[in-house]
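Since the structure comes first, as structure tokens, the remarks are kept for the end.
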Amino acid sequence: MLTSEYFINLEDQHGAHNYHPLDVVLVKGEGVWVYDVEGKKYLDCLSAYSAVSQGHNHPKIKQAMIDQLDRLTLTSRAFYNDKLGLLYKKLSDMTGYDKSLPMNSGAEAVETAIKVARKWGYHVKGVPRHKAEIIVADGNFHGRTVTIISFTSTPQYKDDFGPFTPGFPMVEYGDIKAIENAINENTVAIMIEPIQGENGVLLPPEGYLKAVEKLCRENNILFIADEIQTGLGRTGAFFACDHEGVRPDIMVIGKALSGGFYPVSAVLADESVLGLIVPGDHGSTFGGNPLGASVAIAALDVIEDEKLVENSRVLGQYMMDYLDEIPTKNILEIRGKGLFIGVELKHEFGGARRIAEVLRDKGVLAKETHEHTIRFAPPLVIDKETVDWLLPIVRDALLMD
């Protein structure tokens, strides 16, 4: 029998070392559980960074994929197919936006939103061509393309990969005054994550999103929300922006839109914004393909039919209440909304990877982010019984010496 060590060594020998995985080799997943090469069972508390919110191998999404595999997988957008229009309508019905533009990865969707905002700036706002600026927040994570890393504040993500794309003034996350001071006649958009996931599940001050929306309205600026990780129920609301009753001009989604089966992302906006895109402006060979569209429709159906938004809200609060009662021996701060929770450890503890490794040995898979924070984001199909099994294990790990 081939062992975990064999597969780990294989990756180390033949693959680029662009990730630092935990030493566990997974071969099977079902619901909230995954299994390794040796047959050990683990509770998945990362959900592939929220991409498997509906749980691993969900039967309805799997069946939709199988059915479409038997019919048609790819046409390119040179022709119509009988699934994409249904996805468009589903997205409009569920989100209230007039239109959507489908892509594959989250980074592609962010790039798309940037292009759409810039074109809007030139054609609607009247910003001089190639002078458009999009205000972003420090600590952001929007992807890893060259343009996107041009406005990261994490040195490792950018230092060896310049020259960089201009036009992205950066301000402190959560500081509305800083945004106000950064706005000028060339500002076309403000792009933020309503909760910064990769930066350690950081929440801005209450009212921040509402204040950003107000600034955008007052200054004729587009509000772009990157909800690739926080959207589609993860935070206990359909969109994290819903917690403040905010409706961005452009919404970027991905990850859970795929149910973990196939890369699907999208940019959502109204006709006044997305209607500016004309044939030839933007595209993707695979974006909007019938296989991806079928998967996305089923993934959205599951979120709706199984009331996953409500489950995230209820069980997320239950988890937060429990975690808040743990002695603060090693804990600096606990942050989160819904089933999107970060526990930042005191920096003298020695890093959150220690916690991740202890949890792995106890049958729980979570991952450190930005060295000192451990993130808990199980599939939204998790039930209370499983949460009750998980929480004492997490408590013991957080209280270790």
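In this structure, does Leu2 turn out to be surrounded by fewer than 16 Cβ atoms within 10 Å (Cβ to Cβ), more than 26 Å from the chain's Cα centre (by Cα) and in a loop (DSSP other than H, G, I, E, B)? Talk me through it step by step, then tell me what you get.
Values: surrounded by fewer than 16 Cβ atoms within 10 Å (Cβ to Cβ): yes; more than 26 Å from the chain's Cα centre (by Cα): yes; in a loop (DSSP other than H, G, I, E, B): yes.
So Leu2 fits the description; yes.
If I ask for residues that are surrounded by fewer than 19 Cβ atoms within 10 Å (Cβ to Cβ) and in contact with a strand residue (DSSP E or B) (Cβ under 8 Å, 6 or more places away or on another chain), which ones from region 89-112 would you list?
Those that are surrounded by fewer than 19 Cβ atoms within 10 Å (Cβ to Cβ) and in contact with a strand residue (DSSP E or B) (Cβ under 8 Å, 6 or more places away or on another chain): Ser92, Asp98, Lys99.
What number of residues within region 39-97 are part of a helix (DSSP H, G or I) and of a type in the set (Ser, Thr, Tyr)? Full working, then the answer.
Just the residues of region 39-97 that are part of a helix (DSSP H, G or I), to begin with: 47-50, 59-69, 84-95.
Now restrict to residues that are of a type in the set (Ser, Thr, Tyr): 47, 49-50, 88, 92, 95.
Number satisfying all stated conditions: 6.
Could you grab me the full set of residues in region 85-116 that are more than 16 Å from Gly259 (Cβ to Cβ) and among the polar types (S, T, N, Q)?
Within region 85-116, Ser92, Thr95, Ser100, Thr112 qualify.
Which members of region 300-319 meet the condition of being surrounded by fewer than 17 Cβ atoms within 10 Å (Cβ to Cβ) and of a type in the set (A, V, I, L, M)?
Correct list: Val314 only.
If I ask for residues that are part of a helix (DSSP H, G or I) and without any contact (Cβ under 8 Å) to a residue 60 or more places away in the chain, which ones from region 360-379 would you list?
Initially, region 360-379 is screened for residues part of a helix (DSSP H, G or I), giving 360-361.
Selection gives Asp361 alone.
Does Glu348 qualify as being under 23 Å from Glu310 (Cα atoms), acidic (Asp, Glu), free of Cβ contacts under 8 Å to residues at least 12 places away in the same chain and surrounded by fewer than 16 Cβ atoms within 10 Å (Cβ to Cβ)?
Criteria not met by Glu348.
Taking interchain pairs and intrachain pairs at least six residues apart, which have beta carbon atoms under 8 angstrom, with the first residue in region 380-394 and farther than 22 Å from His58 by Cα and the second of a type in the set (D, E, K, R) and surrounded by 12 or more Cβ atoms within 10 Å (Cβ to Cβ)?
From region 380-394, the pairs are Ile393/Lys362.
Can you tell me which of Gly106, Gly31 is in contact (Cβ under 8 Å) with a residue 40 or more places away in the chain, within 21 Å of Phe340 (Cβ to Cβ) and in the same structural domain as Ile341 (by TED's automatic domain parsing)? Show your work before the answer.
Details: Gly106 fails: in the same structural domain as Ile341 (by TED's automatic domain parsing).
That would be Gly31, the only listed residue that is in contact (Cβ under 8 Å) with a residue 40 or more places away in the chain, within 21 Å of Phe340 (Cβ to Cβ) and in the same structural domain as Ile341 (by TED's automatic domain parsing).
The values are calculated or read from the model by the stated rules, or taken from the named source; none is laboratory data. Small disclaimer: the values here were computed from a predicted structure and weren't measured. Note that we place each Cβ from the backbone using ideal geometry, even for glycine, and neighbour counts take in every protein chain shown.
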